[in-house]
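First up is the structure itself, then whatever we jot down about it.
The values are calculated or read from the model by the stated rules, or taken from the named source; none is laboratory data. Only a predicted model underlies this, so the values are computations on that prediction, with no experimental measurement involved. For neighbour counting, all protein chains shown are included, and Cβ atoms are generated from backbone atoms with ideal geometry for every residue, glycine included.
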Amino acid sequence: MFVIDAHLDLSMNALEWNRDLTRPLVEVNQREEGLTDKPDRANAVVTLPELRKGNIGLVVATQIGRYVAPGNPLPGWHSPEQAWAQTQGQVAWYKAMEDAGEMVQVNDLPSLDKHLELWNDGTPSEKKPVGYILSLEGADSIVTVKHLERAYNYGLRAVGPAHYGHGRYAQGTDATGYMGPKGHELLREMERLNIILDATHLCDDSFWEALDHFSGHVWASHNNCRALVNHNRQYSDEMIKALIDRGAVIGAALDAWMMVPGWVRGVSTPKGMNCNMEVMVDHIDHICQIAGNALHVGMGTDLDGAFGREQCPYDLETIADLQKVPDLLKKRGYTDADIQNMMHGNWLRFLRNALA
Ligand SMILES: [Zn+2]
């Protein structure tokens, strides 16, 4: 089945983890053996060949660059200009992947249709470029609101104003507080340019404020449910309801700490916590029960978001194992039409509407 994954940090992996994502997964992991600078060394589950193997022909791929003020303990750049430059390197990598025939940017309806035609022409996927919709996770790198149009011109189609902590335009996970005038200005410019608002990572205050001040298209690229794992990073039922009312699609994430309660980073193990792909279906099902249908959830795995096998379902060896999800959904009683919607149809409906 054709799969769309609405959240991967491919360029971050290429440039900060120094992973050549064109290579086979085994080779990428072999090269990392013995390294300890990142928590997920030698545990990668995402490469371009694995995406093809899993028939994951379209992804939302991020740029990411945080600004940190003095005293902010999170990793990040000391000026917005440095963060911008980091994201420009990331764009350069995506463009290099396009030049190499490894990826192709999808940024409007014709490019979307052309790409879907290629992936559904019945020939093997091994040689096909992986399509990507360019997104920005955390808007700190947008030096001034004017930079947004420059970003739109190289293909940016979705922005999550916040990531972790205090942001320049919005407050993110583990922070509290509002977006304020600068955030509103960003939202207005996103609306003018028809850029999708990614509500993921907005803290509760900023989340409600963003929905109030933005009348464009809203999705949540990678988010699970607070009712199942109680943390501010997750959505309350009320937030899920509000997103559904806005026609949003919510991507189910495969980061173990967001799937099972009580996960302790670096200590817990997927087997020990009984974290498997069934748990993902629990979160998906929770959203479907609130919606009363299967139209508002999709895949948004985040499987290369600074974690790998040590912190994802134990029955997933590579991202290609997303092909196991349809059977799990079927066991829960979902129809074939529901399953197709959740694996790709909901994102496609959203994109057709948003890119029109
Ligand atoms: Zn994230």
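Matching residues to (1) at pLDDT 95 or above; (2) polar (S, T, N, Q):
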position: 93; (1), (2): yes, no
position: 100; (1), (2): yes, no
position: 111; (1), (2): yes, yes
position: 119; (1), (2): yes, no
position: 124; (1), (2): no, no
position: 138; (1), (2): yes, no
position: 153; (1), (2): yes, yes
position: 157; (1), (2): yes, no
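Taking first residues from region 122-138 that are under 14 Å from residue 9 (Cβ atoms) and in contact (Cβ under 8 Å) with a residue 12 or more places away in the chain and partners that are assigned to a loop (DSSP other than H, G, I, E, B) and of a type in the set (A, V, I, L, M), the Cβ contacts under 8 Å between residues at least 6 apart in sequence or on separate chains come to 132/106; 133/106; 136/64; 136/142; 137/64; 138/64; 138/162. Identify, please: which residue in region 4-50 is farther than 27 Å from residue 249 by Cβ and in contact with a Leu (Cβ under 6 Å, 6 or more places away or on another chain) and is, among those, surrounded by the most Cβ atoms within 10 Å (Cβ to Cβ)? So the residue we want is 41. Evaluate the following for residue 241: is it of a type in the set (Lys, Arg) and not in a loop (DSSP other than H, G, I, E, B)? So residue 241 fits the description; yes. Counting the residues of region 265-308 that are assigned to a loop (DSSP other than H, G, I, E, B), crowded, with 19+ Cβ neighbours inside 10 Å and within 16 Å of the ligand (Cβ to nearest atom) gives 8. In summary, residue 166 fulfils each of the numbered conditions (1) touching a helix residue (DSSP H, G or I) at 6+ places or on another chain (Cβ under 9 Å); (2) farther than 22 Å from residue 5 by Cα; (3) surrounded by 17 or more Cβ atoms within 10 Å (Cβ to Cβ) with the single exception of condition (1).
Would you call residue 101 within 16 Å of residue 53 (Cα to Cα) and either within 16 Å of the ligand (Cβ to nearest atom) or not hydrophobic (A, V, I, L, M, F, W, C) (or both)?
no
In region 183-215, how many are in contact (Cβ under 8 Å) with a residue 60 or more places away in the chain and assigned to a loop (DSSP other than H, G, I, E, B)? The total comes to 3.
Tell me yes or no: at least one residue of region 177-196 is within 13 Å of the ligand (Cβ to nearest atom) and either within 20 Å of residue 7 (Cα to Cα) or of a type in the set (Ser, Thr, Tyr) (or both).
Scanning region 177-196, I find no residue that is within 13 Å of the ligand (Cβ to nearest atom) and either within 20 Å of residue 7 (Cα to Cα) or of a type in the set (Ser, Thr, Tyr) (or both), so the answer is no.
Restricting attention to region 53-101 and to residues that are over 25 Å from residue 26 (Cβ atoms) and charged (D, E, K, R), the residue that is surrounded by the most Cβ atoms within 10 Å (Cβ to Cβ) turns out to be 66.
Restricting attention to region 30-49, the residues that are of a type in the set (Gly, Ala, Ser) and under 18 Å from the mean Cα position of the chain (by Cα) add up to 1. Answer yes if at least one residue in region 240-251 is within 16 Å of the ligand (Cβ to nearest atom), closer than 24 Å to residue 80 by Cβ, buried (at least 24 other Cβ atoms within 10 Å of the Cβ) and among the aliphatic types (A, V, I, L, M), and no otherwise. No, region 240-251 has no match at all. In the condition set (1) among the aliphatic types (A, V, I, L, M); (2) within 16 Å of the ligand (Cβ to nearest atom); (3) part of a loop (DSSP other than H, G, I, E, B), residue 258 is compliant with all but (3).
Looking at region 309-321, which of the residues that are in contact (Cβ under 8 Å) with a residue 40 or more places away in the chain and of a type in the set (D, E, K, R) is farthest from the ligand (Cβ to nearest atom)? Selected residue: 317. Restricted to region 127-172, and to residues there that are away from the ligand (no atom under 16 Å from the Cβ), small (Gly, Ala, Ser) and not in a strand (DSSP E or B), the residue that is nearest to the chain's Cα centre (by Cα) is 155.
In summary, residue 200 fulfils each of the numbered conditions (1) within 13 Å of the ligand (Cβ to nearest atom); (2) surrounded by fewer than 16 Cβ atoms within 10 Å (Cβ to Cβ); (3) closer than 18 Å to residue 298 by Cα with the single exception of condition (2).
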